[in-house]
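Report on one structure; see the data block that follows.
The values are calculated or read from the model by the stated rules, or taken from the named source; none is laboratory data. Here the structure is a predicted model, which is why all the values come from computation and not from measurement. Cβ atoms come from the backbone with ideal geometry, glycine included; neighbour counts cover every protein chain shown. Just the protein is used for accessible areas: all its heavy atoms, side chains included, with ligands, DNA and RNA removed. Shrake-Rupley method; radii C 1.70, N 1.55, O 1.52, S 1.80 Å.
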Amino acid sequence: MKFVKTLIKVLGIIFLLVLVFLLISLLVDNNRTAYLKIDNDSSLALNTYLIKNVNVVPMTRDTVWMGKSVLVENGNISKIADNIPENNWQIIDGNGGFLSPGLVDTHVHIWDRYDLGVYLANGVTTVRNLRGFPLHLRIKEEIKNKEIIAPQILTSGPILTGPYDFGDEKIQVQDPQMARELVREQKEKGYDCIKTYAGLPLDIFMAVLEQAEASQMEVVVHPSFEVPYGNNFHYQVASIEHAEDIVQQALNYTLDTIVLKSVVAQFGAARQTLGPTLTGYYKILEMMDDPNIQDSEQMAYINPLVNELDSKLQIARWTGEKEYDPGVRDRIQEQHDFHIHIVGELNRIGINIICGTDAGIGATAPGFSIHEELDFYLQAGMTNYGALKTATINPSKVHRALRNIGTVEVGKKANLILSATNPLDNLGVLKSPEWVMVDGRKLDPKKLEEFKENAKDRKGLIASGLYWVEYLLFEK
């Protein structure tokens, strides 16, 4: 009996020590991202400026308004004119640069607060996070309360899939009634949209759409293998994700240009939106081609937990696949090229295409990936203006919560990029902004570099694991 009491006491002490260690890990991680806190940096307190001597790229049409002044008050654009008399506002000299809307990545996976700074450093001022858990609701609250500097975030709730599509990263929905309950629950918790996944049966998928309409929740669809592709063209669907699923589902793994015409026609008839995520798929080629990809610059910005549990496994999988089947590399390249063809065909008939990259998983680094995605759209035949629309004005047409971004107009949120030269001539200039503004707060190159440096090769493995455990305990 004495032994048992001693053992219980020892186990209790060990439990308390482990609990204290975990709490300290969270506190340390929170302290390491203190550079994002607005009250820690007086330069972030201001969100009212008069920007003079700039050329405005409004993105309402393919034009530039030369030699303008732009007044930003309390985070919003309040006036654009040839000349605005100076008042007591902080003055920014644009030095003849080009002012365009901040970029939007509509398909990301955020794992910690470090990601937020990396997005801003790459000119991404709005993100749509498509694998939500409690951490994201807290970040949204911190942004709302103006506690941290971060991109504007729209987040789905936890992913909904079918009862036999197993995986900790998604919820296995057992029946239509459970689907309806989950939609209502995610609405109540404060998630912005619903994300459906590849294993959802048709009856459960339709129940999600019906309840989403009743709950006024938009639905983002990762097409399900159990749902005929045409069912995705539903008015409650905000966007269909992944050009690859057009090949793998609608075309049954063929690169059939004839059958593709009917799919393109369906997109046109429904006026549906596509988020192609070409970059996420293309990374398969990089994983097969680059034996040193794990040590590459962009991999240093992947969350450490994701790196251990996803990135390394994916790299091993695809390098092994190439050794086992030498022809797989050419087939992946051929399908990637066909994805570009799909985007070109949809763009030709005026489909609303939104720039999404699948950043935050595999080898797709947050922030950096959007510039790769835009380059693929140029390869698909888009003009610079057309490609830039996918990451600015086009996303604003998809969600009610994004109506206030995407253009440089009076009344819009001051999410802006100043570039030295015209991005409509060369989108590459957006990779190295003169400064970025989010919610009217100006971030100079030194600050943007600080954000990247703090996120590079970061710690936080244990803290990220705890956020994931929280999701498993309270959302699964």
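Mind counting the residues in the stretch 42-59 that are closer than 23 Å to Pro395 by Cα and exposed (fewer than 15 other Cβ atoms within 10 Å of the Cβ)?
0
Take the stretch 60-72 and flag every residue that is open to solvent by 20 Å² or more (accessible area, probe 1.4 Å) and among the hydrophobic types (A, V, I, L, M, F, W, C). Quick ask: steps written out before the conclusion?
Going through the stretch 60-72, the residues open to solvent by 20 Å² or more (accessible area, probe 1.4 Å) turn out to be 60-68.
Result: Val64, Trp65, Met66.
Return a yes/no flag: does the stretch 167-176 have any residue that is touching a Lys or Arg at 6+ places or on another chain (Cβ under 9 Å) and under 30 Å from Lys442 (Cα atoms).
no
Tell me, yes or no, whether the stretch 414-427 has at least one residue that is small (Gly, Ala, Ser) and buried (at least 21 other Cβ atoms within 10 Å of the Cβ).
Filtering the stretch 414-427 down to residues small (Gly, Ala, Ser) leaves 414, 419-420.
Add one more test, that the residue is buried (at least 21 other Cβ atoms within 10 Å of the Cβ), and what stays is 414, 419.
The answer is yes; a qualifying residue exists.
Quickly run through the stretch 361-379 and pick out the residues that are assigned to a helix (DSSP H, G or I) and either open to solvent by less than 10 Å² (accessible area, probe 1.4 Å) or more than 23 Å from Lys456 (Cα to Cα) (or both). Explain how you work it out, then say what you get.
Within the stretch 361-379, the first condition is being assigned to a helix (DSSP H, G or I), and the residues that meet it are 369-379.
Across the stretch 361-379, the qualifying residues are Ser369, Ile370, Glu373, Leu374, Asp375, Phe376, Tyr377, Leu378, Gln379.
Can you tell me which residues in the stretch 119-135 are crowded, with 24+ Cβ neighbours inside 10 Å and in a helix (DSSP H, G or I)?
Tyr119, Leu120, Ala121
Would you check which residues across the stretch 144-162 are free of Cβ contacts under 8 Å to residues at least 60 places away in the same chain and open to solvent by 20 Å² or more (accessible area, probe 1.4 Å) and list them?
Lys144, Asn145, listed by residue number.
Select from the stretch 98-118 the residues that are outside any loop (DSSP other than H, G, I, E, B) and either on the phi > 0 side of the Ramachandran plot or not aliphatic (A, V, I, L, M) (or both) and list them in ascending order. Break it down stepwise before answering.
Keep residues of the stretch 98-118 that are outside any loop (DSSP other than H, G, I, E, B), which gives 98-101, 103-108, 114-118.
If the condition is that a residue be outside any loop (DSSP other than H, G, I, E, B) and either on the phi > 0 side of the Ramachandran plot or not aliphatic (A, V, I, L, M) (or both), then Phe98, Ser100, Pro101, Asp105, Thr106, His107, Tyr114, Asp115, Gly117 are the ones that fit.
Could you list, in sequence order, the residues of the stretch 330-360 that are touching an Asp or Glu at 6+ places or on another chain (Cβ under 8 Å) and open to solvent by less than 20 Å² (accessible area, probe 1.4 Å)? Give the derivation first.
Taking the stretch 330-360 as the starting set, the residues that turn out to be touching an Asp or Glu at 6+ places or on another chain (Cβ under 8 Å) are 335, 339, 355-357, 359-360.
Result: His339, Cys355, Gly356, Thr357, Ala359, Gly360.
Restricting to the stretch 74-92, give me the number of residues that are free of Cβ contacts under 8 Å to residues at least 60 places away in the same chain, open to solvent by 60 Å² or more (accessible area, probe 1.4 Å) and in a strand (DSSP E or B).
Of the residues in the stretch 74-92, 2 are free of Cβ contacts under 8 Å to residues at least 60 places away in the same chain, open to solvent by 60 Å² or more (accessible area, probe 1.4 Å) and in a strand (DSSP E or B).
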